[in-house]
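What follows draws every value from the coordinates through simple rules; no lab data is involved. Model, not experiment: these values are computed from the prediction. Positions of Cβ are backbone-derived with ideal geometry, glycine not excepted, and every protein chain shown enters the neighbour counts.
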Amino acid sequence: MPGVACGALITIATVVGFLSGPLQNTRPRTLTISRAPSCAVTTAVRSLMMKAFEFTIIASGLDPFADDFENRFFEAGCDDATISFQKGVILLDFTREQASFGAAVKSAIANIEAAGACVLRVEPDHLVSLADIAKRSGLTKAAISLYAKGDRREDFPCPVACLTSNHALWDWADVASWLYVKGTVAEEICTQARFVRSMNYDLESRILSEKNSYCDAAA
């Protein structure tokens, strides 16, 4: 029972049983919930509220060849992540149970920083190609290409990066919102996309600020 401590006393207007009379004829009573049942109920309610969310966090700042590399993450609470070192950065693939996607990501970032690493980015990234959009939305790449060209609808979001190349990138948060209005993706997808975009903007701003501070100090 959320908000009720184990072993608490709960005063209720009545405890209605199979043979209870009318409510107005009953007398207030005090019901003592024993420690074990109360804890069990609280745990059960919390487990029902939890969902498993999958995401990846990119980090740096720790030696991947150190003997305690993986143990540092494990002891900091990242026992629900698969850890690897690729392309010069640390990748932590999480399957984390939390009440919301945002809570899951924030708690994972806190765990990683507690291990001594620096968080760089959250993935799936909010910058996406047409192929990424097709994969995330469940539509074909051909259908997405028609949308992007304006052959089906003219209000598809414009690309936001790499516009002068043949590999333009779109903002997944904008595209997901457009697809949600169209009835193609769930609202939860839009919420997660906006959260990842906001989180990555914050991380980029923090990293840039730290770099500028370092340059100012070295000047």
Discussion item. Per-residue counts of other Cβ atoms within 10 Å, averaged by peptide: what ranking do you get for 137-143, 118-124, highest first?
Written reply: 118-124, 137-143
Item to complete: Grab the Cα-Cα distance for residue 114 and residue 67, subtract it from 0.36 nm times how many residues apart they are, and report the gain in nm with one decimal.
Response: 15.1 nm
Response to the item:
The extension gain from residue 123 to residue 151, computed as 0.36 nm times the residue separation minus the Cα-Cα distance, is 7.0 nm
Worksheet item: What trypsin sites (Lys or Arg not before Pro) does region 65-101 have in DSSP loop regions with at most 12 other beta carbons within 10 Å?
Response: 87
Worksheet item: To the nearest 20 debye, what charge dipole does region 126-219 have about its Cα centre, counting +1 at the Cβ of each Lys and Arg and -1 at the Cβ of each Asp and Glu?
Response: 340 debye
